[in-house]
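Q: After the structure tokens below, expect a handful of questions from me.
Quick note: the coordinates plus some simple rules give every number you see, no bench work behind them. Since we're looking at a predicted model, the values are computed, not measured. Glycine gets a Cβ as well: all are built from the backbone with ideal geometry, and neighbour counts include every protein chain shown.
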Amino acid sequence: MRVGVLTGGGDCPGLNAVIRAVVRKGVTTHGFEFVGYRDGWKGPLEGQTMELGIAQCRGILPRGGTILGSSRTNPFKLDNGVEQIRANLAKDGVDALVAIGGEDTLGVATKLADLGVKVVGVPKTIDNDLSGTDFTFGFDTAVNVATEAIDRLHTTAESHHRVLVVEVMGRHAGWIALHSGIAGGASMVLIPEQPFDIEDVCNRVQTRFESQYAPIIVVSEGAVPRTGGEMTLVSGEKDAFGHVRLGGIGDRLASEIENRTGKEARAVVLGHIQRGGTPTAFDRWLATRFGLQAIDAVAEGDFGTMMALKGTRIERLPLIEGTGELKLVSEAEYAEAQVFFG
Ligand code: F6P
């Protein structure tokens with residue numbers, strides 16, 4: 001069997017670990033051949049391939065990014081996109097696909113599977129907002145990067161008696177903010193699921209200063225104030241999946257806090273630093289196990305499925321269960337962080 005592999009959407013640490021596991025087990029256990037498709041769905045759409053075998057996967061386990069490249073191309077937004085994909089898979093002699101991606105990439109995989117394309121999905125996103133799986137790989141790395149940043153910001157904030165606002169990724173879900181905020185001892189964590197009250201934020205800033213410590217406020221890029229609750233955008237232009245570019249809530253919040261409390265406030269935007277670089281051991285472990293299970297699903301003809309972590313077990317679910325709805329932070333989970341606010 002010839003198997004195509006692609007990685008789509010925003011990159012994330014651990015993608016290469018999945019590719020390596022898929023190829024290694026595919027070749028040695030199942031005797032498969034592989035075709036690497038470049039840049040997400042753009043690869044099969046435009047017939048852009050690269051050689052993919054054990055040799056190409058040597059040394060990539062700890063490397064961030066993806067050797068296959070990525071894009072946010074959506075074949076369902078293009079005339080004859082699906083037909084073009086089918087034609088290129090046939091031309092390349094590809095019998096089945098392993099698609100590694102988040103909500104958007106796996107959403108395309110779900111629709112293609114419904115149309116009879118033989119595809120299995122592997123969930124990735126630093127945002128950890130895919131339902132069906134306890135964790136996606138990439139998330140742990142992002143949380144560790146953010147936590148290290150918060151640790152560093154504590155000491156400089158205290159030296160200067162300043163407020164430091166740390167903006168982290170998280171478009172609709174506040175998982176990175178929540179986990180890094182708890183791990184880093186933030187004075188407040190503001191997430192998209194719970195619109196914040198700026199008065200309350202300022203009151204907690206004041207109480208934090210009264211205790212002789214400087215406040216660190218962790219805010220997800222998609223967080224919104226209770227009044228005037230619009231997301232803060234870098235650009236309103238939409239990508240092929242309809243996403244606008246978020247960013248700027250950190251600066252907005254810092255200047256509002258400074259104006260209202262008279263305390264000096266600065267914002268730090270962690271941005272793509274959270275997505276780049278080497279994956280943590282947990283992400284390598286999870287990505288590797290997802291890859292091993294995905295190629296077994298191909299070998300068993302279990303198409304239209306997605307790999308999922310349930311406790312410590314890797315299970316297979318129908319693709320729709322991972323892409324149907326986003327996994328958001330619940331009120332109860334947020335309440336755990338709130339104990340430490342102020
Ligand atoms: O979905 C992952 C993610 O990192 C989001 O948290 C973020 O909003 C988005 O990608 C930014 O992606 P890019 O800047 O690559 O378009």
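Q: Which angle from 0 to 90°, rounded to the nearest 10, does the C-alpha axis of helix 198-210 make with the longest principal axis of the chain?
A: 60
Q: Work through the residues other than residue 47 whose Cβ is under 11 Å from its Cβ and net out their charges, Lys, Arg +1 and Asp, Glu -1.
A: Charge balance in the 11 Å sphere: +1.
Q: Something else about it: Roughly what percent of Cα-Cα pairs across the stretch 1-95 reach past 16 Å?
A: Above the 16 Å cut-off, the stretch 1-95 has 54 percent of its Cα pairs.
Q: Can you say what percent of the DSSP beta bridges in the chain, counting only those with both residues inside, are antiparallel? Round to 5.
A: Taking every DSSP beta bridge within the chain, about 30 percent pair in antiparallel fashion.
Q: Just the number, please: percent antiparallel of the DSSP beta bridges in the stretch 32-143, rounded to the nearest 5.
A: Details: 3 of 9 bridges.
Approximately 35 percent, going by the DSSP bridge assignments.
Q: What is the Cα radius of gyration of the chain over 2.2 N^0.38 Å, N being its residue count?
A: Rg over 2.2 N^0.38 Å, computed on Cα atoms: 1.06.
Q: Work out, in µm²/s and without decimals, the Stokes-Einstein translational diffusion coefficient of the stretch 125-195 at 25 °C, 0.890 mPa s, Rh from Kirkwood over C-alpha pairs. Before the final figure, lay out the partial values.
A: Values: Rh = 12.7 Å.
The diffusion coefficient I find is 194 µm²/s.
Q: Here's a follow-up. About the Cα centre of the stretch 141-275, how large is the charge dipole given +1 on each Lys and Arg Cβ and -1 on each Asp and Glu Cβ? Please answer in debye to the nearest 20.
A: 120
Q: Report the Stokes-Einstein translational diffusion coefficient (µm² s⁻¹, integer) for the stretch 216-329, Rh taken as the Kirkwood radius over Cα pairs, at 25 °C with viscosity 0.890 mPa s.
A: 136
Q: Here is a further query. In Å, what is the Rg of the alpha-carbon atoms in the stretch 141-275, and how long is Dmax?
A: 14.1, 48
Q: Within the set 91/238; 124/310; 118/238; 25/118; 42/111, which residue pairs have Cα atoms separated by over 21 Å?
A: From the list (91/238; 124/310; 118/238; 25/118; 42/111), the Cα-Cα distance tops 21 Å for 91/238; 118/238.
Q: Which peptide among 31-43, 143-155 comes first, and what is the full order, when sorted by highest mean count of other Cβ atoms within 10 Å?
A: Values: 31-43: 22.1, 143-155: 19.1.
By packing density, highest mean first, the sequence is 31-43, 143-155.
Q: A further question follows. About its Cα centre, how strong a charge dipole does the chain have in debye, to the nearest 20, once Lys and Arg get +1 and Asp and Glu get -1 at the Cβ?
A: Dipole of the chain, to the nearest 20 debye: 940 debye.
Q: Counting helices only, and only those DSSP H runs with n ≥ 4, report the 222 nm mean residue ellipticity of the chain as the sum of -39,500 (n - 2.57) divided by its residues, in deg cm²/dmol to the nearest 500. Could the numbers behind the result be given before it?
A: Numbers: 11 runs with 132 residues, N = 342.
Result for the chain: -12000 deg cm²/dmol, rounded to the nearest 500.
Q: What angle do you read, to the nearest 10 degrees and between 0 and 90, between the alpha-carbon axis of helix 175-184 and the longest principal axis of the chain?
A: Around 50 degrees separate the two axes.
Q: Measure out, as a whole number of angstrom, how far apart the alpha-carbon centroids of the stretch 68-99 and the stretch 147-184 sit.
A: 40
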